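Read the structure below first, then the notes.
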Amino acid sequence: MNFEERWSRFEELDAGRALGDLDAAELAEWQELSRDFGSDVGLDHLAGEMEALLTMEKPQALPPELAAGLKQQFSPTPVVEEKRGKVMLGPWLGWAVAACLLGLLMVNNLLPDKAPPAEQLLSALLAAAPDAKRLSFSPAGDAYAATTGEVVWSDSRQEGYMTLSKIPANDPTKRQYQLWIVDPARDEIPVDGGVFNIPAGPGPVVVPIDAKLAVHNPAAFVITLEQPGGVVKSKQEVVVALAKF
């Protein structure tokens, strides 16, 4: 075989080696070619982590370092240079393996930017959680008189979402909205339900609830307007909306 044919065969075998698809003869062939071309152990590491992720009962988001590793492996063209009489490789990782791994990631929704939208997660919660509670929001001041919406919360799943309409958009550099969950059985102090922003534009906005502590019998949900980043304890100087039993 000429150089190009040997190189192509080496890429094919090295990809199969990382995925565990080589038989004894192919492995021996790979070992011979690797003396000239070398190998990238980073591919083994990525393949191993991918296998662990894909065998989980519930797929999880791809760790940022693994996503970065995959992206780093993509190079427009192989970089080949002569060094000490041997062909040394730059960041060349085989296109076939990279494409295969990324394909698996997309199919299993493992890429961070492929997370389901909040609307889809809300629908899934309503379908899967029989204990999900639904409460309507009422405006708490003339400035927010047009605000409407509802909150959905499941004690068993510790998960919930707010659907808000006609709530004024905020400038995150000046003020941010913050949710408070009132659970008298837990504490007199409301639980921080997360800081969020409302973008400009028509239509309802679905906001995931980010409860900082577990709540099991919420009596009310209160939205306030706070300083950027939110506060640990609200003075409730600006109450936007309230949902309660």
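The values are calculated or read from the model by the stated rules, or taken from the named source; none is laboratory data. Please read all numbers here as calculations on a predicted model, not as lab measurements. When we count neighbours, we look across all protein chains shown, and the Cβ atoms used for this are built from the backbone with ideal geometry, even at glycine.
If I ask for residues that are under 15 Å from L179 (Cβ atoms) and of a type outside the set (V, I, T), which ones from segment 140-158 would you list? Result: A140, Y144, G149, E150, W153, Q158. Taking interchain pairs and intrachain pairs at least six residues apart, which have beta carbon atoms under 8 angstrom, with the first residue in segment 140-163 and on the phi > 0 side of the Ramachandran plot and the second surrounded by fewer than 19 Cβ atoms within 10 Å (Cβ to Cβ) and in a helix (DSSP H, G or I)? Here the result reads none, with nothing in segment 140-163 linked to a residue that is surrounded by fewer than 19 Cβ atoms within 10 Å (Cβ to Cβ) and in a helix (DSSP H, G or I). Pairing each residue of segment 231-245 that is in contact (Cβ under 8 Å) with a residue 40 or more places away in the chain with any residue that is assigned to a loop (DSSP other than H, G, I, E, B) and surrounded by 18 or more Cβ atoms within 10 Å (Cβ to Cβ), provided the two are 6+ apart or on different chains, yields C-beta distances under 6 Å for V239/A140; A241/A140; A241/T147; L242/A140. Taking the listed residues A146, A132, the one that is surrounded by fewer than 13 Cβ atoms within 10 Å (Cβ to Cβ) and at pLDDT 90 or above is A146, with no other qualifying. In segment 192-245, counting only strands (runs of 3 or more DSSP E) that sit wholly within it, the ones holding 1 or more residues that are hydroxyl-bearing (S, T, Y) span 220-226.
Just to be sure I understand, how many residues within segment 191-227 are among the acidic types (D, E) and exposed (fewer than 14 other Cβ atoms within 10 Å of the Cβ)? Please lay out each step first, then the result.
Of all residues in segment 191-227, those among the acidic types (D, E) come to 192, 210, 226.
Add one more test, that the residue is exposed (fewer than 14 other Cβ atoms within 10 Å of the Cβ), and what stays is 210.
Residues in segment 191-227 being among the acidic types (D, E) and exposed (fewer than 14 other Cβ atoms within 10 Å of the Cβ): 1 in total.
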